[in-house]
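A short worksheet on the structure shown next.
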Amino acid sequence: MDTQGMLEYALEVERLDEHGSLARAAKGAEVVLDTDMAGRDDALSPPELLLAALAACMIRAIQRAQPLLHMEIGTLSIRLRGWRQDSPPAIARIEYEISIETEADEEMLDLLHRNVQKGTIYHTLSMGTELEGRIHAV
């Protein structure tokens with residue numbers, strides 16, 4: 001594949017010990033990763049990171065569309081649930097609920113939801129994972 005002209009992302013991940021690892025982005029951001037086989041409460045596991053990446057992508061899509069749609073928003077939260085199948089191991093299904101404080105009508109919310117579904121992470125996951133969700137005003 002010719003990657004000429006494509007946006008590139010890069011990370012370096014270092015195993016700190018048997019309990020965790022550290023991801024570092026070129027821009028300086030760091031995230032502690034739960035790579036402990038028994039799990040740990042103070043870091044996100046790989047599947048939780050996947051869900052967090054999807055939620056961050058959705059929030060970016062909403063923020064990008066907001067001025068184009070002339071939509072005022074207040075609080076915004078996303079609840080996600082994912083299900084892992086065993087064979088082959090994969091996140092087979094993700095459900096999400098986007099709650100957004102807005103006076104926008106259902107038509108505008110539907111337009112915003114369609115915009116969310118065009119994000120990079122959403123689109124990438126949708127090629128191999130069943131994604132189902134809804135958006136509603138609070």
*For R114 and E18, what does the FRET efficiency come to when R0 = 35 Å and r is the distance between their Cβ atoms, rounded to the nearest 0.05?*
0.20
*Counting pairs of Cα atoms in segment 1-123, how many percent are more than 18 Å apart?*
65
*asked:* If packing is taken as the average count of other Cβ atoms within 10 Å, what order do 75-87, 93-105 fall into, highest mean first?
replied: 93-105, 75-87
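Quick check: net charge around I91, other residues with Cβ under 10 Å of its Cβ, Lys/Arg +1 and Asp/Glu -1? Each step should come with its number before you reach the end.
Numbers: positive: R84, R93; negative: E130.
Local net charge: +1.
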_Helical contribution to [θ] at 222 nm, DSSP H n ≥ 4, -39,500 (n - 2.57), averaged over the chain, rounded to 500_ = -10000 deg cm²/dmol
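Between I59 and T3, 0.36 nm times their residue separation minus their Cα-Cα distance comes to what? Please list the in-between numbers first.
Numbers: separation 56, 0.36 × 56 = 20.16 nm, distance 2.66 nm.
That pair, I59 and T3, stretches by 17.5 nm at full extension.
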_Could you check the spin-label model distance between A38 and D105? Points 7 Å from the Cα along Cα→Cβ, value in nm._
5.8
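Which of the peptides 48-61, 30-43, 3-16 is most tightly packed, and how do the rest follow, judged by the mean count of other Cβ atoms within 10 Å per residue? Mind dumping the intermediate values first?
Values: 48-61: 17.6, 30-43: 13.0, 3-16: 8.1.
Put in order of decreasing packing, that is 48-61, 30-43, 3-16.
If each residue's Cβ is checked for other Cβ atoms within 10 Å, how do H70, H113 rank with the fewest at the top?
In order of increasing Cβ crowding within 10 Å: H70, H113.
No value in this document is a laboratory result; all are computed from the given coordinates. Computed from a prediction, not measured in an experiment: that's the story for all the values here. Quick reminder, even Gly has a Cβ in these numbers, built from the backbone with ideal geometry, and neighbours come from all protein chains shown.
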